[in-house]
Amino acid sequence: AVFLAAVMDAFDGRVARALNATSPFGEQLDSMADLVSFGVAPAFLMYVYTLKTFWIAGLAVTVWYVMCVAFRLARFNAQSENSGSGFNGLPSPPAALTVASFVIFMETLPRVGFVNMPRLSQDAVLAQHAAPAVTIGLAILGWLMISRTPYLSFKGVSITRPRPAGVVLAAVVFVFLVFSLPQLLFPIFMLYVLLGLVVRFLVNVRWAERVFPAWVDWAERRLAGPRQDVSRSPNH
C-alpha cells in the first residue's frame, strides 16, 4: 500500500494540472494524504514489525517519525522551497519506501543458521534483534526529512516527450528486478538516502569544489534555502 501510494503521489499533481483541476483544497488534501501514507503508515508498520519490542523508545521514535513528516510537509507548503532540481531535506515518499522496503528485505531473506524452527518464530527473533538498529535508523530518517540536506528530484522526468523509450525501458527493467529480487528495493532506497549525505559532506570538503564543481554548486544553493524578497513582505 505504501508503494502504491508513492506511485499515485508521483502522478496526482500531473493529472490535476492536465485536467486543469488544481485548487488550494486539493493541495491541502494531498498533504493530508501524504501524512497518512508516508508518515503514519510506515511508522505504524515499523512499530508493529519490531519497535513494539523496544517499549517506550520504540513508541517515541515512531511518534518522532510522524512529527518529522508533518513538519516536512508543512515546510514544503509554507515556503514552496523545492524546485524540479532538487529537495531541501529527504522527501517523505523515499523515506517511507525505505521503511517499507526494509520490512520486505527482512521478510524475503533466506533464514541461515535456524534449525528446526518455524518461520514465524524466526521472523520474531530477527525483528527483536533488529529493534535497536531500527530505532536509530528511523530517528535518522526523521532528522533527514527536517534537515536541509540536498536531495535530487526526478520530477523533471517525463514520459510525454517525443522519445520516452529510455524511460519506459528503465521502468520495465526496474519492475522486473523488483518482482524477481525484492531484496534489491532496500539497497536502492538506502543508496538514495546516503547520496544526500555524501553531497552534504562534499560541500564541506575543499577539494570537492575542484573535482565536482557542479555538484557542490547545486548543493550549496539547496543548503542556502529559498531567497526571501523583503520588499514584498508586509512587515517592510
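In this simple spin-label approximation, L195 and F3 carry label points 7 Å from Cα along the Cα→Cβ vector, and these lie 1.9 nm apart. What the Kirkwood sum gives for region 27-74 is a hydrodynamic radius of 10.9 Å, with every pair of different alpha carbons counted. A cut-off under 11 angstrom between Cβ atoms defines the neighbours of E27, and their net charge, with Lys, Arg +1 and Asp, Glu -1, is -3.
Here V125 and T22 are evaluated by their C-beta separation; at R0 = 41 Å the FRET efficiency comes out at 0.25. Fully extending the segment from F71 to K52 would add 4.4 nm, taking 0.36 nm per residue of separation and subtracting the current Cα-Cα distance.
Stretching Q183 away from F11 to a fully extended chain increases their span by 59.4 nm, per 0.36 nm per residue minus the current alpha-carbon distance.
Values in this text are rule-based calculations from the coordinates and carry no lab data. Because the structure is a prediction, the values reported are computed rather than measured. Glycine also receives a Cβ, built like all others from the backbone with ideal geometry; neighbour counts cover every protein chain displayed.
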